[in-house]
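What follows is a set of notes on a single structure, which appears directly below.
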Amino acid sequence: MLQIDDTIISLEVLESQFICDLAKCKGQCCVDGDAGAPLEKDENDKINEILPIIWDELSPKAQELIEKQGISYNDYDGELVTSIIDGKDCVFTYFDEEGICKCVIDNAYREGRTSVPKPISCHLYPIRLQKYRDFTAVNYHQWSVCKPAVEFGQREGVELYKFLKEPLIRKFGEKWYDELEAAATLLKEEKK
């Protein structure tokens, strides 16, 4: 484990290799699982604000569910998560012409139609954050769905923290990321 400010980071984040391989996994992490994507309160509010912008891109089932229960709910742990259709698909998912699951929020953001990016939990995946009273745990969630990403990362020699540089900086800041990178470099040198 490594501590930076009020975060405790699993060494797997520094040592594991990973690059998403959507052509192989088809975005299964957005449709498999037992709950929706974790949301921070401000994310929930911002997504509700942009809902009219992305509404027509949502599936009819998603629109119906959102009208009934909203864009989110509290899961069995009491955590705020995105609503899911039929116990699996996030309401913000869509499938492109190649059958790859994608996010309407992310699509609107990348096209410049909104300033609201996809939830940080989605952007960081497969890193998962767990908030405790005095710190936030930063862990690598290993899942069979991501096996192609692990293989791709190993072929290319890209560590998880490097692959997720953008969302890590989005969440924790540039200074935090620079410290993480320095720690990773030291760890590599120690192992030689």
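The values are calculated or read from the model by the stated rules, or taken from the named source; none is laboratory data. Keep in mind the model is a prediction, meaning the values are calculated, not measured. Positions of Cβ are backbone-derived with ideal geometry, glycine not excepted, and every protein chain shown enters the neighbour counts. Heads up: the accessible areas ignore ligands, DNA and RNA and are worked out on the full protein's heavy atoms, side chains in. Shrake-Rupley method; radii C 1.70, N 1.55, O 1.52, S 1.80 Å.
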Exercise. Across the stretch 73-88, which residue is farthest from LYS131 (Cα to Cα) among those that are open to solvent by less than 40 Å² (accessible area, probe 1.4 Å) and part of a loop (DSSP other than H, G, I, E, B)?
Worked result: SER83
For this session: Restricting attention to the stretch 140-192, report how many residues are of a type in the set (S, T, N, Q) and over 22 Å from HIS123 (Cβ atoms).
Result: 2
Problem set entry | Residues that are without any contact (Cβ under 8 Å) to a residue 60 or more places away in the chain and under 20 Å from ARG170 (Cα atoms), drawn from the stretch 45-64 | ASP45
Problem set entry | Selection from the stretch 153-180 of residues that are more than 16 Å from the chain's Cα centre (by Cα), among the hydrophobic types (A, V, I, L, M, F, W, C) and farther than 13 Å from ILE4 by Cα | VAL158
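So which helices (runs of 4 or more DSSP H) are wholly in the stretch 5-72 and hold at least 1 residues that are under 30 Å from LEU187 (Cβ atoms) and either touching a His at 6+ places or on another chain (Cβ under 8 Å) or not small (Gly, Ala, Ser) (or both)?
Numbers: elements: 11-15, 22-25, 41-54, 60-69.
Fully inside the stretch 5-72 and qualifying: 11-15, 22-25.
So, in the stretch 118-140, exactly how many residues are under 11 Å from the mean Cα position of the chain (by Cα) and of a type outside the set (Phe, Trp, Tyr)?
Narrowing the stretch 118-140 to residues under 11 Å from the mean Cα position of the chain (by Cα): 118-129.
Still in the list and also of a type outside the set (Phe, Trp, Tyr): 118-124, 126-129.
Residues that pass the stated criteria total 11.
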For this session: Would you check which residues across the stretch 24-43 are under 14 Å from SER121 (Cβ atoms) and either more than 15 Å from the chain's Cα centre (by Cα) or among the hydrophobic types (A, V, I, L, M, F, W, C) (or both) and list them?
Result: CYS29, CYS30, ALA35, ALA37, LEU39, LYS41, ASP42
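Evaluate the following for GLU67: is it touching a residue at least 24 places away in the same chain (Cβ under 8 Å), open to solvent by 20 Å² or more (accessible area, probe 1.4 Å) and under 17 Å from ASN44 (Cα atoms)?
Working: touching a residue at least 24 places away in the same chain (Cβ under 8 Å): no; open to solvent by 20 Å² or more (accessible area, probe 1.4 Å): yes; under 17 Å from ASN44 (Cα atoms): yes.
When the stated conditions are applied, GLU67 does not pass them.
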Seminar exercise, completed: By my count, helices (runs of 4 or more DSSP H) wholly in the stretch 89-192 with at least 2 residues that are surrounded by fewer than 16 Cβ atoms within 10 Å (Cβ to Cβ) are 147-156, 165-172, 174-191
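Yes or no: ASP34 closer than 22 Å to GLN142 by Cβ and charged (D, E, K, R)? Steps first, please.
Values: closer than 22 Å to GLN142 by Cβ: yes; charged (D, E, K, R): yes.
Judged against the criteria, ASP34 is a match.
Hey, among the residues in the stretch 4-44 that are without any contact (Cβ under 8 Å) to a residue 60 or more places away in the chain and open to solvent by 60 Å² or more (accessible area, probe 1.4 Å), which one's farthest from THR82 (Cα to Cα)?
Within the stretch 4-44, the match that is farthest from THR82 (Cα to Cα) is ASP42.
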